[in-house]
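Since the structure comes first, as structure tokens, the remarks are kept for the end.
The values are calculated or read from the model by the stated rules, or taken from the named source; none is laboratory data. Predicted model, so just to flag it, every value in this text is computed and none were measured. Neighbour counts are summed over all protein chains in view; Cβ atoms, including those assigned to glycine, are modelled from backbone coordinates with ideal geometry. We work out accessible area using only protein heavy atoms, side chains counted, and drop any ligands, DNA or RNA first. Shrake-Rupley method; radii C 1.70, N 1.55, O 1.52, S 1.80 Å.
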Amino acid sequence: MAVLCTTGTRPPEQAEHDMLTFDEALARLLAGAPRLNPERVGLLDADGRVLAEDVVAPGPLPAFDHSSMDGYAVRTSDLTGEPPYVLPVRGVSAAGTAPARAPEGAAVRIYTGAPLPLGADAVIMQEDVEALERDGAPHVQLAVRPPPQAHVRRAGDDLAAGALALSSGTRLGPGQLALVAALERSSLVVSRRPLVTVLGTGDELRSPGEPARPGSIVESNGTFVAAAARRVGAIARVAPFVRDDPDSARAAIEGALAGTDVLVTIGGVSVGDKDFVRPALEAAGVSIDFYKVAMKPGKPLTVGRSRRTMVLGLPGNPASASLTFLLFGVPVLRAMQGDPKPLPQRRRMRVEGTLRRKPGRTELARARLEVRDGVEVAVLAANQASGAVTSFASADALVVIDAERGDYAGGETLEVITFADALRA
Ligand code: AMP
Ligand code: MG
């Protein structure tokens, strides 16, 4: 179990009660997130982005009255007296043709999506008629009188002309894009994609497949951050690794700040002698907004700003880096794009599994959502070590364990933060 910063082990510069809580830190971060400019893009390029205009229906949807079935269009006023009714069939209305006038006292053959003939007010499904031949001409016999508007989709039934179809701030997916297409639009104004630069720090880092050096480890956090950032609309690039040396860190940070909306550094923000990322950020002109959050893992999280660039200094341990990026980085990227609901969902649910811990700091324990006996539950991961790279390969939720709690034995209903849309394939 990772060392808890409780009595006797507090770093001298900041006591636990002076740190921001997780919620305070998040609120502060979001309040400072600048709003990105809008841009116009083609419909499919708008998938996953945040709408930056209101979309109003230019005309009714559907645009004209049409049939929802294959059958026969009739004027219900022709069906007088007692059933059955027998009508001659005159004319055809097929999809993609202009509507003709419905003849008096006759049925018109009609197909799904075809315009309702002018004057007709109902469609009878072909399954509900009997086709007859009288005097060598086709007729249909109806056993009952259909109510007016039967199987008719009226113009504007789905959306009236001038109605608000989508409001600015909507996160766009296939359903919204299809609606926009139906409203005659081939492009949309969305928030620009945030540019994210990921800067991994540490002499030990190497890329996957690069020859191993003694004591080297494969860099993995940058991949998590870049992939998660892309999922929420960002353009993410991973910069070359930074060595554990103040000057090269400052130079790399200065270079990365230019043209970046969000700079994410990884590692080097703790209290070790080699943890010089914070001083290097300051030397590069970043003003630190806050440093350290009362949470476990992820305590060393550092947040700052340089002009319009937001800076997130994530701790290097894989689980801490992933968790802090999900909790802080993803909402910031969403807020910058104007998403009115940038935060992950929080729900109360039963939490299974056990957790050994000492009271002291709010813990965000990794868990996986499962359905057991038809009910969604969160199952705590067995390995809660902050160095575990396996965690987020299966975890998709964090269980909030209150600061004052000791060991957790399972079976209680607790608050759970879920990341389904940011993590699941
Ligand atoms: P640090 O926060 O720099 O003290 O790093 C804490 C731990 O995380 C160390 O074991 C590092 O080797 C590891 N670590 C740091 N950066 C990364 C990274 N980008 N990918 C994977 N592990 C890392
Ligand atoms: Mg390091």
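Against the list (1) in a strand (DSSP E or B); (2) of a type outside the set (A, V, I, L, M, F, W, C); (3) under 20 Å from residue 197 (Cβ atoms), the condition residue 346 fails is (3). Cβ separations smaller than 6 Å between residues 6+ apart or across chains give the following pairs from segment 296-316 residues that are not assigned by TED's automatic domain parsing to the domain that holds residue 358 and among the hydroxyl-bearing types (Ser, Thr, Tyr) to residues that are away from ligand 1 (no atom under 16 Å from the Cβ) and modelled with pLDDT of 95 or more: 306/257; 306/285; 306/286; 309/257; 309/260. The condition of being away from ligand 2 (no atom under 12 Å from the Cβ), surrounded by fewer than 16 Cβ atoms within 10 Å (Cβ to Cβ), at pLDDT 95 or above and not in a helix (DSSP H, G or I) holds for only one of 259, 285, that being 285.
The listed residues are 143, 114, 63, and the only one of them that is closer than 15 Å to residue 155 by Cα, in contact (Cβ under 8 Å) with a residue 12 or more places away in the chain and open to solvent by 50 Å² or more (accessible area, probe 1.4 Å) turns out to be 63. Here the condition is being among the small types (Gly, Ala, Ser), free of Cβ contacts under 8 Å to residues at least 12 places away in the same chain and more than 29 Å from residue 109 (Cα to Cα); of 200, 209, 136, it holds for 209 alone. Could you please let me know if residue 279 is within 15 Å of ligand 2 (Cβ to nearest atom) and either assigned to a helix (DSSP H, G or I) or surrounded by 19 or more Cβ atoms within 10 Å (Cβ to Cβ) (or both)? Here the answer is yes, as residue 279 does meet what is asked. When 397, 420, 409 are screened for being at pLDDT 95 or above and either open to solvent by less than 60 Å² (accessible area, probe 1.4 Å) or acidic (Asp, Glu) (or both), only 397 passes. Residues in segment 148-156: is at least one within 30 Å of residue 67 (Cα to Cα), in contact with a His (Cβ under 7 Å, 6 or more places away or on another chain), surrounded by 13 or more Cβ atoms within 10 Å (Cβ to Cβ) and of a type outside the set (A, V, I, L, M)? Taking every residue of segment 148-156 in turn, at least one turns out to be within 30 Å of residue 67 (Cα to Cα), in contact with a His (Cβ under 7 Å, 6 or more places away or on another chain), surrounded by 13 or more Cβ atoms within 10 Å (Cβ to Cβ) and of a type outside the set (A, V, I, L, M). For segment 186-217, a tally of residues being open to solvent by 10 Å² or more (accessible area, probe 1.4 Å), within 14 Å of ligand 2 (Cβ to nearest atom) and in a strand (DSSP E or B) returns 4.
As a summary of the residue check, residue 271 satisfies the conditions (1) in contact with a Lys or Arg (Cβ under 7 Å, 6 or more places away or on another chain); (2) near ligand 1 (Cβ under 10 Å from one of its atoms); (3) β-branched (Val, Ile, Thr) except for the one numbered (1).
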